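Here's the structure, in structure tokens; my notes come after.
No lab work stands behind these numbers, since they all come straight from the coordinates. Because the structure is a prediction, the values reported are computed rather than measured. When we count neighbours, we look across all protein chains shown, and the Cβ atoms used for this are built from the backbone with ideal geometry, even at glycine.
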Amino acid sequence: MSNSDNIAALAGKFGPDFVWGVSTASYQIEGAVDEDGRGRSVWDDFCDTPGAVLNGESGAVACDHYHRFRDDVQLMSELGVDAYRFSISWPRIQPDGSRIEQRGLDFYDRLVDALLEKGIQPSPTLFHWDSPAVFESNGGWQNRAITDRFAEYAHIVSQKLGDRVTRWMTINETNIFTLLGHAIGEHAPGKELGFDALNVAWNLMLAHGKATQAMRANGIKNIGIANNHAPIWPVGGRQEDIDAAGLYDIIYNKVFLDPILRGTWPLAGLIDPEVAEAGDLAIMRQPLDFLGINHYNPQGISAPSEGAPFPFDLVDVPAETHNDFGWPIVPEGFTELLVGLKAEYGDALPPIYITENGGAFNETPDEAGRVRDQRRIDYTHDHLLAIKKAMDADVDVRGYFHWSFMDNFEWAEGYSKRFGLVFVDYETQQRIPKDSFHWYNKVITSQK
Ligand code: BGC
């Protein structure tokens with residue numbers, strides 16, 4: 001499909017009130033890790049661990065956004081977005097886990113004002129995985145004491161920025177941080193706790209609940225969380241594949257939604273978190289103004305192969321195309337996910353914002369300096385149509401934040417995966433808007 005057809009198919013479909021945005025996260029773009037009193041984060045330590053991150057890379061410089069944020073906001077304004085989802089670096093605000101660092105708060109103060117000057121809605125996430133490293137000596141997210149620290153941090157930040165922020169998200173992807181960071185150790189803090197990582201999941205959701213309460217006490221109104229969800233597809237067709245997929249659906253999706261939307265724990269009696277206390281579920285289930293959904297692709301599951309560490313195997317779903325991460329491109333999975341959430345949670349499901357969606361497509365500038373990332377355009381086009389299908393089936397989706405605004409530090413993959421609408425030359429820090437940037441701009445304009 002040509003790009004003008006691509007735009008024509010979307011024009012006007014989402015209506016003038018739909019919020020169009022882009023997403024990033026602090027450790028992935030800011031750099032300046034030693035500046036203005038910032039403390040160390042678990043990601044600084046993880047990146048220093050030999051073999052943890054591809055090519056030994058780190059977010060020490062990343063996109064140098066800390067110094068270049070005004071230029072980046074200018075580019076966002078040219079992109080025409082209504083809103084910008086960024087995250088706040090907890091170790092900039094409380095370097096040692098308690099003392100408040102004014103210079104850290106001032107950075108986000110300036111960023112919020114710069115966004116508002118351009119008419120862009122500031123939409124911060126309080127925590128996108130870079131917790132202050134200092135907590136680790138005390139068990140980090142395994143210790144429920146961190147939930148009170150997090151509520152205090154939410155209070156500090158919301159008090160400072162609450163008069164100007166449009167919407168808040170407490171935590172990014174409780175499930176990925178639990179699974180990759182604490183169950184299998186592929187992300188910081190690199191723990192391999194297996195099913196014991198459910199204690200971490202519990203504390204994250206408790207922290208979400210307490211932070212929401214703390215922000216409400218400051219008069220904050222528009223609060224949600226950014227969860228990662230995927231439809232889980234059995235691969236193999238045997239009954240044991242279907243059972244394994246059912247179990248994985250609980251572990252990946254329901255464990256992270258039932259407590260916050262229903263106040264229930266879907267593994268009750270099977271695996272109960274050791275850190276649980278009476279009343280926790282009621283705290284987790286705070287009324288939310290919206291649910292943020294990050295989605296990339298469906299996940300395939302089969303029954304465990306011999307010697308597998310878990311009672312399931314993660315396998316590929318059938319797909320004709322893949323992105324440069326090897327992730328399958330299956331837009332219909334997005335419709336299924338959204339319609340399925342509505343069917344499962346009904347009235348308990350708050351209005352939805354898509355807070356991340358995109359792909360690793362590693363196109364680089366051609367001789368003329370142009371980045372022809374047609375694959376990103378096609379991916380985004382097809383996923384937007386998939387969202388629209390769900391909206392037509394009565395799912396209340398109010399906005400879309402593309403992941404990502406610009407190429408950035410892709411966690412354990414270092415700089416090897418490019419998700420941006422803007423190309424970043426890490427040697428020179430030059431930004432080059434890709435073809436997808438110009439395309440997304442036209443899509444946004446075509447709705448108004
Ligand atoms: C995370 C982002 C990450 C993206 C692509 C999401 O799980 O929130 O930080 O860059 O996926 O892997």
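Scaled against 2.2 N^0.38 Å for its residue count N, the alpha carbon radius of gyration of the chain is 0.92.
In nm, what is the difference between 0.36 nm times the number of residues separating Asp347 and Lys118 and their Cα-Cα distance?
Details: separation 229, 0.36 × 229 = 82.44 nm, distance 3.58 nm.
So the chain would gain 78.9 nm between Asp347 and Lys118.
One decimal place: the segment Glu186-Asp272 gains 28.5 nm when fully extended, by the rule 0.36 nm per residue minus the C-alpha distance.
Could you tell me how many cubic angstrom of Cα convex hull volume segment 1-79 has per residue?
So the per-residue Cα hull volume is 170 Å³.
Once C-alpha pairs closer than 8 Å and six or more residues apart are averaged by separation and normalised to the residue number of segment 236-306, the relative contact order reads 49 percent. Pair-distance distribution of segment 384-447: all C-alpha pairs, bin width 10 Å, starting at 0; shares per bin in whole percent are 18, 39, 28, 14, 1. Selection among Gly300, Pro331, Gly346 by position relative to the dipole of segment 288-362 gives Gly346 as farthest towards the positive end (Cβ unit charges, Cα centre). Note on segment 34-173: percent of Cα-Cα distances in each 5 Å bin, starting at 0 and stopping at the bin with the largest distance, equals 2, 9, 18, 21, 20, 15, 9, 4, 1, 0. In units of the rule-of-thumb radius 2.2 N^0.38 Å, segment 93-178 shows an alpha carbon radius of gyration of 1.16. Of the beta bridges in segment 3-447, as assigned by DSSP with both residues counted there, near 25 percent are antiparallel. Spin-label pair Asp34-Ala60: with each label point 7 Å from Cα along the Cα-Cβ axis, the two points sit 0.8 nm from one another. Counting 0.36 nm for each residue step from Asn138 to Gln159 and taking away their Cα separation leaves a gain of 4.8 nm. Proximity of backbone amide H atoms, modeled 1.01 Å from N, is registered between Asp64 and Gly31 at under 5 Å, excluding neighbours fewer than 5 places apart on the same chain.
Nearest 20 debye, what's the magnitude of the dipole of segment 234-276 about its Cα centre given +1 on Lys and Arg Cβ and -1 on Asp and Glu Cβ?
Details: 3 positive and 7 negative charges, 32 e Å.
Roughly 160 debye, rounded to the nearest 20.
For segment 3-447, lysine pairs separated by 8 or more sequence positions, or belonging to different chains, with Cα-Cα distances below 19 Å total 13. The mean sequence distance of close C-alpha pairs (under 8 Å, at least 6 residues apart), as a share of the length of the chain, puts its relative contact order at 19 percent. Inter-part distance, segment 357-398 to segment 129-208, computed on C-alpha centroids, equals 30 Å. Please list log₁₀ I(q)/I(0) at q = 0.30 Å⁻¹ for segment 251-293, using the Debye equation with identical point scatterers on the alpha-carbon positions. Log10 I(q)/I(0), no solvent term: -1.20.
Restricting the calculation to alpha carbons of segment 216-293 gives Rg and Dmax of 15.5, 53 angstrom.
Segment 187-238 gives an Rg/Rh value of 1.15, both radii derived from C-alpha positions and Rh following Kirkwood.
I need the calculated FRET efficiency for the pair Ala393 and Asp17, taking r as the beta carbon distance and R₀ as 22 Å, to the nearest 0.05. Calculated value: 0.70. Protection proxy ranking, highest mean first, for peptides 298-305, 235-242: 298-305, 235-242, where packing is the per-residue count of other beta-carbon atoms within 10 Å, averaged.
Grab the DSSP H runs of the chain that are 4 residues or longer, score each as -39,500 (n - 2.57), total them, divide by all residues and round the 222 nm result to the nearest 500 deg cm²/dmol. Estimated from H runs of four or more residues: -10500 deg cm²/dmol.
Dipole magnitude for segment 335-398: about 120 debye, using +1 per Lys or Arg Cβ and -1 per Asp or Glu Cβ, origin at the Cα centre. Note on segment 133-189: Cα-only Rg and Dmax are 13.6, 40 Å.
Roughly what % of Cα-Cα distances in segment 271-373 sit above 15 Å, to the whole percent? I get 77 percent for the Cα pairs in segment 271-373 exceeding 15 Å.
If I take R0 = 35 Å and measure r between the Cβ atoms of Leu314 and Ala368 in this structure, what FRET efficiency does the formula 1/(1 + (r/R0)^6) give, to the nearest 0.05?
Details: r = 41 Å, r/R0 = 1.17.
Once the sixth-power term is evaluated, E becomes 0.30.
The mean sequence distance of close C-alpha pairs (under 8 Å, at least 6 residues apart), as a share of the length of segment 297-372, puts its relative contact order at 22 percent.
Between Ile100 and Thr445, the FRET efficiency estimated from the beta carbon spacing at R0 = 41 angstrom works out to 0.50.
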